[in-house]
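Visitor: Before we start, here is the structure in question, set down as structure tokens.
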Amino acid sequence: MARYLIVADIHSNLVALDAVLKDAGSVDGFECMWVIGDMVGYGPDPAGCISRVTTHPHVCVAGNHDLGVAGAIDLASFNADAARACLWTRKILGVKEMEFLRMLPTESVEPPFLLVHGSPRDPVWEYLTSAGQVVRALQQVRVSTHCMVGHTHRPAAYLVREDGRVETQCVYDGTELHLDDGRLLLNPGAVGQPRDGDPRAGYAIYNDSSGTVSFHRIAYDVACVSEQIRVNGLPEWLGTRLHLGY
Ligand code: ZN
């Protein structure tokens, strides 16, 4: 029996990550972290986030910002604020941290899940936001039953039943889903920059003995992170949007 902490889109927000680790650890704890891409980018403490993740047993896959910082993809594909934050992140990370980002795989099979940042078809860039896309995405997943993604910064759950019907499930703080109902594509939401109008950090817990995934939100000191973004000379909008949950 094991419990897995599932996080995505930490985005160099150590204050939010620490709030998640404390909250997830305070109930029944967890044995391993799954990080579904974008550990860095946008926020003020990339080294702190890499350090914190790697002190726990972890499985990480790469997101577009991780690869942008590592120089594996062209920053011309990013919006101006994101590219500026990637360049800033490159400057302050050490050789070991850059190597860690460069070596991240773009997918990982953790039965019964496939972990990818974007989608099974395009692990780095594709945003899965509609039921039709999810059906097509899951058809491409043959190595595992279910799929975990990040990238949209919004918690989400899609259930594809055996007859092909797809249901979009509403996901709130405390929502619990059973894995045996069909094939699921899940997004735990973003730790470091939620975009669903709720500024609280999002995460999920997979419990392999009960076969359930639960979704959670936890408040953190947004004003403190917003100030760190300003002090470090990162674009001010990146702090403002944290207050808005956008
Ligand atoms: Zn992201």
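Just so it is clear, none of the values below were taken in a lab; they were calculated from the coordinates. On a predicted model such as this, the values are computed, not experimentally measured, just so you know. Glycine also receives a Cβ, built like all others from the backbone with ideal geometry; neighbour counts cover every protein chain displayed.
Visitor: Name the residue, out of A204, A223, A131, that is of a type in the set (A, V, I, L, M) and more than 25 Å from E110 (Cβ to Cβ).
Guide: Numbers: A204 fails: more than 25 Å from E110 (Cβ to Cβ); A131 fails: more than 25 Å from E110 (Cβ to Cβ).
Exactly one of A204, A223, A131 is of a type in the set (A, V, I, L, M) and more than 25 Å from E110 (Cβ to Cβ), namely A223.
Visitor: Is it true that some residue in the stretch 39-49 is part of a loop (DSSP other than H, G, I, E, B), without any contact (Cβ under 8 Å) to a residue 60 or more places away in the chain and closer than 23 Å to D81 by Cα? Before you say what the answer is, go through the steps one by one.
Guide: Just the residues of the stretch 39-49 that are part of a loop (DSSP other than H, G, I, E, B), to begin with: 39-45.
In the following step, the residues that additionally are without any contact (Cβ under 8 Å) to a residue 60 or more places away in the chain were identified as 41.
Pick out the ones that are also closer than 23 Å to D81 by Cα and you get 41.
Scanning the stretch 39-49, I find at least one residue that is part of a loop (DSSP other than H, G, I, E, B), without any contact (Cβ under 8 Å) to a residue 60 or more places away in the chain and closer than 23 Å to D81 by Cα, so the answer is yes.
Visitor: Related question: So which residues in the stretch 188-213 are among the hydroxyl-bearing types (S, T, Y), more than 16 Å from the ligand (Cβ to nearest atom) and crowded, with 20+ Cβ neighbours inside 10 Å? Walk me through how you get there before you give the answer.
Guide: We begin by selecting, within the stretch 188-213, every residue among the hydroxyl-bearing types (S, T, Y); these are 203, 206, 209-210, 212.
Adding the requirement that they be more than 16 Å from the ligand (Cβ to nearest atom) leaves 206, 209-210, 212.
Result: Y206, single match.
Visitor: Quick one: which of F100, F113 is more than 16 Å from the chain's Cα centre (by Cα) and aromatic (F, W, Y)? Full working, then the answer.
Guide: On the way: F113 fails: more than 16 Å from the chain's Cα centre (by Cα).
None of the other options fit; the residue is F100.
Visitor: If you scan the stretch 51-91, which residues turn out to be of a type in the set (F, W, Y) and free of Cβ contacts under 8 Å to residues at least 24 places away in the same chain? Write out each step before concluding.
Guide: Initially, the stretch 51-91 is screened for residues of a type in the set (F, W, Y), giving 78, 88.
Hit for the stretch 51-91 is F78, nothing else.
Visitor: On the given criteria, is S51 of a type in the set (S, T, N, Q) and touching an Asp or Glu at 6+ places or on another chain (Cβ under 9 Å)? I'd like the intermediate steps shown before the answer.
Guide: On the way: of a type in the set (S, T, N, Q): yes; touching an Asp or Glu at 6+ places or on another chain (Cβ under 9 Å): yes.
Yes; evaluated as a whole, the condition is true for this residue.
Visitor: Any residue that is surrounded by fewer than 16 Cβ atoms within 10 Å (Cβ to Cβ), away from the ligand (no atom under 16 Å from the Cβ) and basic (K, R) - is there at least one of those in the stretch 39-53?
Guide: Looking for residues that are surrounded by fewer than 16 Cβ atoms within 10 Å (Cβ to Cβ), away from the ligand (no atom under 16 Å from the Cβ) and basic (K, R), one finds none in the stretch 39-53, hence no.
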